[in-house]
Structures are given as structure tokens and as C-alpha cells.
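Trainee: Below is the structure I would like to discuss, written out as C-alpha cells.
The values are calculated or read from the model by the stated rules, or taken from the named source; none is laboratory data. Because the structure is predicted, anything quoted here is derived from the model rather than measured. Note that each Cβ is placed from the backbone with ideal geometry, even for glycine, and that neighbours are counted across all protein chains shown.
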Amino acid sequence: MKLVLASKNEDKIKEIKSLLQDLNLDILTFKDFESFPDTIEDKSTLEGNAEKKSRAIWKKFHLPALADDTGLFVDALNGKPGVYSSRFAGENVTYKQNRQRLLFVLKDIPKEKRTAAFKTVIVFIDKEGSKFVVNGECKGYIGFKEKGDNGFGYDSIFYYDNSNKTFAELSSDKKNKISHRGIALRKIGSIIEENIKNI
């Protein structure tokens with residue numbers, strides 16, 4: 001079965017491909033098409049953004065499509081940056097600029113109040129246009145400085161589940177076992193597998 005990933009984020013694509021590699025899928029990305037929809041993520045929820053992206057792909061190519069939207073929700077900031085995680089420091093910024101902005105905003109917040117959660121919502125649209133939604137969540141806290149060289153986004157400042165390690169200090173395999181996206185992709189993987197059987 002062909003599956004189009006509704007993303008142009010190559011770090012995210014790499015992670016999704018790795019987690020879905022055991023399924024009998026021909027995974028296509030923006031590189032496989034001459035014209036690929038650019039979707040503005042202007043919804044107020046992760047699900048809204050993920051559905052908008054996957055639905056745009058399905059409408060254009062009439063192929064099964066998968067999109068995720070992920071946010072980092074910091075309790076001391078009333079859930080921010082949330083749906084604005086990729087542009088917390090402004091439009092067209094780097095991962096590092098977003099991390100630096102978050103560390104600056106939290107600079108006077110003590111460790112016990114730096115709790116946070118990564119949340120992922122994945123929307124899969126099958127060949128017929130039916131929608132399937134799953135969620136994944138990983139709780140932890142925001143550190144005071146960057147640690148680790150792996151991962152992307154906020155990984156180098158997010159300590160998972162009261163551990164002494166950031167996501168960026170983990171191997172890809174270890175991170176995928178415990179991460180928000182890993183949890184969500186295993187759930188959607190089961191749904192896609194059933195979908196393949198019913199074709």
C-alpha cells in the first residue's frame with residue numbers, strides 16, 4: 001500500500017519511516033511529487049492541524065495519507081508553546097532559537113515547576129477518505145541547559161519521566177520506544193495494518 005507522509009520536515013519523516021518500517025508500505029514523501037501541498041498550520045489543536053495536512057494530501061493525490069502534529073506543553077506556561085512549538089521564537093526560526101527562547105522564558109522557574117509533556121496527534125486518512133486519529137504523550141520536565149547531540153526540536157532540553165537524560169542523549173531506538181511520537185505511531189501502525197488487510 002502506498003502511504004504519503006504529509007510533512008516536509010525531514011527529521012520527522014526519518015523518525016516516522018523508522019517506526020513504520022515493519023509494515024508492508026511504500027512510503028512516499030514530498031520528494032516523490034512535483035507539486036506538494038503547502039499547508040498552513042492555523043488550527044487551534046494538534047488534531048486540527050494534523051487533519052488539515054493529511055486531508056490536503058488525500059484530496060490532491062487520492063492516496064492514503066498520514067500527518068502528525070506535535071507540541072511541547074509546559075505547565076508553568078499554561079500549556080505553551082503547545083500548537084505553536086515550531087514557531088515559539090517566531091516564524092522561520094531554527095530549532096535552537098526555539099529552545100533558547102523557552103529556556104529564557106523559564107530562567108527563573110525552579111526545577112519542580114518545570115514539568116512538561118510532549119504530545120503527538122496522528123491523523124491517517126485511508127484510500128476511501130475515512131479518518132483515524134491516535135494520540136501519544138510523554139511526560140517530563142524542561143532542563144536549565146542543553147544536553148545531548150541526537151534528536152531535534154526541543155529534545156536537548158526535555159528530560160523524560162523524571163530521568164537524568166534528555167531525549168537528545170538517547171539513541172534513536174531508545175527514544176522511539178518511549179517518545180510521544182513512537183507511542184502514537186505504534187497505535188496508528190496497528191490501524192494501518194488492519195486497513196491493508198481489508199483492501
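This table checks each residue for (1) under 15 Å from the mean Cα position of the chain (by Cα); (2) of a type in the set (A, V, I, L, M, F, W, C).
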| site | (1), (2) |
| --- | --- |
| 63 | no, yes |
| 82 | yes, no |
| 100 | no, no |
| 115 | no, no |
| 137 | yes, no |
| 144 | no, yes |
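Trainee: Right, another one. Within the range 24-36, restricting attention to residues that are surrounded by fewer than 16 Cβ atoms within 10 Å (Cβ to Cβ) and modelled with pLDDT of 90 or more, which residue is farthest from residue 122 (Cα to Cα)?
Mentor: Going through the qualifying residues, I end up with 34.
Trainee: If I ask for residues that are acidic (Asp, Glu), in a helix (DSSP H, G or I) and modelled with pLDDT of 95 or more, which ones from the range 120-178 would you list?
Mentor: Within the range 120-178, 155, 169 meet the criteria.
Trainee: Any chance the range 83-104 includes a residue that's at positive phi, in a strand (DSSP E or B) and free of Cβ contacts under 8 Å to residues at least 40 places away in the same chain?
Mentor: No, the range 83-104 has no match at all.
Trainee: Would you be able to tell me the number of residues in the range 98-130 that are exposed (fewer than 14 other Cβ atoms within 10 Å of the Cβ) and either under 27 Å from residue 184 (Cα atoms) or basic (Lys, Arg) (or both)?
Mentor: So the answer is 6.
Trainee: Test each condition in (1) acidic (Asp, Glu); (2) surrounded by fewer than 19 Cβ atoms within 10 Å (Cβ to Cβ); (3) free of Cβ contacts under 8 Å to residues at least 60 places away in the same chain for residue 155 and report the one that comes out false.
Mentor: (2)
Trainee: Go through the range 88-102 and give me each residue that's farther than 17 Å from residue 155 by Cβ and among the charged types (D, E, K, R).
Mentor: 91
Trainee: Pull up the range 179-199, narrow it to residues that are assigned to a loop (DSSP other than H, G, I, E, B) and out of contact with any Cys (no Cβ under 6 Å at 6 or more places or on another chain), then point me to the one that is surrounded by the most Cβ atoms within 10 Å (Cβ to Cβ).
Mentor: 199
Trainee: Determine which single condition residue 39 fails, assuming it passes every other condition in (1) among the polar types (S, T, N, Q); (2) surrounded by fewer than 17 Cβ atoms within 10 Å (Cβ to Cβ); (3) under 18 Å from the mean Cα position of the chain (by Cα).
Mentor: The failed condition is (2).
Trainee: Give the residue that is nearest to the chain's Cα centre (by Cα), with candidates limited to residues of the range 1-27 that are of a type in the set (A, V, I, L, M) and assigned to a loop (DSSP other than H, G, I, E, B).
Mentor: It comes out as 6.
Trainee: If you don't mind, there's one more thing I want to ask. Using beta carbons and a limit of 9 Å, which pairs, at least six apart or on different chains, have the first residue in the range 30-48 and free of Cβ contacts under 8 Å to residues at least 40 places away in the same chain and under 23 Å from residue 134 (Cβ atoms) and the second one small (Gly, Ala, Ser) and surrounded by fewer than 17 Cβ atoms within 10 Å (Cβ to Cβ)?
Mentor: That search, which allows pairs on different chains as well, returns 42/48.
Trainee: Here's something else I'd like to know. Going residue by residue through the range 13-30, is there one that turns out to be hydrophobic (A, V, I, L, M, F, W, C) and farther than 29 Å from residue 173 by Cα?
Mentor: Within the range 13-30, none of the residues are hydrophobic (A, V, I, L, M, F, W, C) and farther than 29 Å from residue 173 by Cα.
Trainee: So the check is Cβ under 8 Å with 6+ separation or different chains; which pairs have a first residue in the range 1-14 that's surrounded by fewer than 16 Cβ atoms within 10 Å (Cβ to Cβ) and a second one that's assigned to a loop (DSSP other than H, G, I, E, B) and of a type in the set (Gly, Ala, Ser)?
Mentor: Taking only residues 6 or more apart or on different chains, the pairs are 11/153.
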